[in-house]
């Protein structure tokens, strides 16, 4: 069975600090996708990024960057120069092939609550 | 562009009542998902539709739960009769599936359900 572990339950930083959210996964699939979602206090789930298992290039989008390392089964997320608006729960997720045949089935980690203090 | 639209945003009802949650997926998306989020179990997939057909309902808790997708722009999740342990946030998500690959799922704002 697939598993996603976000060992950090809560992180608290001061504005402008850099912060890295860890994600470790387990899967037997050779083709899979990894995701990060953000859930702000208002409750909605916001898609941030998707990576496939064949693309280990790191990605940067503004203050956000992602480090995918297949050798350690990790997909970590770094926020540079954090801001108060970054305060949210961040979920890492892994897709697997479900009974329906395509890789639709998302397994979510438990989430990391990030609090950025002014 | 309109995202996934769910209604109602909040629902409070008494045990034993029927509850119907509604979802309008993003136009053009052919896959629709219902999830439940609780503190104890996190986010769980309840059911997955592709082209309006239920493909995987293995996550539906029990017979009290049912979901339908009568057309490409509307889905319902029904609980009858409701119980206090059904209290949770229910999310609908949609995506575009092309062959074996699903594009990222985009979520609605959720329905916060409280059963008294």
Protection proxy (average C-beta count within 10 Å per residue), highest first, orders B:25-36, B:45-56, B:78-89 as B:25-36, B:45-56, B:78-89
log10 I(q)/I(0), Debye, Cα-only the protein assembly as shown, no solvent, q = 0.10, 0.12, 0.16, 0.17 Å⁻¹? -0.47, -0.68, -1.16, -1.28
Label-point separation, residue B:58 to residue A:10 (7 Å along Cα→Cβ), nm: 3.5
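Determine the gain in length on full extension of the stretch residue B:22-residue B:39; use 0.36 nm per residue of separation and subtract their C-alpha separation, reporting nm with one decimal.
Numbers: separation 17, 0.36 × 17 = 6.12 nm, distance 2.25 nm.
Difference between extended and current length: 3.9 nm.
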If you count, for every residue in A:102-112, the Cβ atoms of partner chains within 10 Å of its Cβ, what is the mean? 6
Here P(r) for chain B, Cα-Cα distances in 5 Å bins, as whole percents, is 2, 13, 23, 26, 19, 10, 5, 1, 0
Find, to one decimal place in angstroms, the Kirkwood hydrodynamic radius of the stretch B:62-116, where the mean of 1/r is taken over every pair of different Cα atoms and then inverted. 13.2
In the stretch B:39-82, if every C-alpha pair distance is counted and binned at 5 Å from zero, what percent goes to each bin? 5, 20, 27, 25, 16, 5, 1
Give, in nm to one decimal, the length gained when the segment between residue B:9 and residue B:96 is fully stretched (0.36 nm per residue of separation minus the Cα-Cα distance). 28.9 nm
Between residue A:117 and residue A:50, the FRET efficiency computed from the C-beta separation at R0 = 45 Å comes out, to the nearest 0.05, as 0.90
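Rounded, prolate or oblate, given the Cα gyration tensor of the stretch A:37-98, with a/c below 1.5 counting as rounded?
Values: a/c = 2.50, a/b = 1.38, b/c = 1.81.
Because a/c hits 1.5 or more and a/b fails to exceed b/c, the stretch A:37-98 counts as oblate.
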If I take every Cα pair under 8 Å that is 6 or more residues apart in chain A, average their sequence separation and divide by the length, what percent do I get for the relative contact order? 36
Relative contact order for chain B, counting Cα pairs under 8 Å that sit 6 or more residues apart, in percent: 36
Is the stretch A:67-118 rounded, prolate or oblate when judged by the Cα gyration tensor, a ≥ b ≥ c being the square roots of its eigenvalues, rounded requiring a/c under 1.5 and prolate requiring a/b larger than b/c? prolate
Per-residue mean of other chain beta-carbon atoms within 10 angstrom of the beta-carbon, peptide B:102-114? 4
Rg and Dmax of chain A over Cα atoms: what are they, in angstrom? 14.2, 47
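Within 10 Å of each Cβ in A:26-39, how many Cβ atoms from other chains are there, averaged over the peptide?
Numbers: counts 0, 0, 0, 0, 0, 2, 0, 4, 0, 2, 0, 5, 0, 6.
Averaged over the peptide's residues, the number is 1.
Every number here is computed from the coordinates shown, using simple stated rules; none is lab data. Note that this is a predicted model, so its numbers are computed, not measured. No Cβ is skipped: glycine too gets one built from the backbone with ideal geometry, and neighbour counts run over all protein chains shown.
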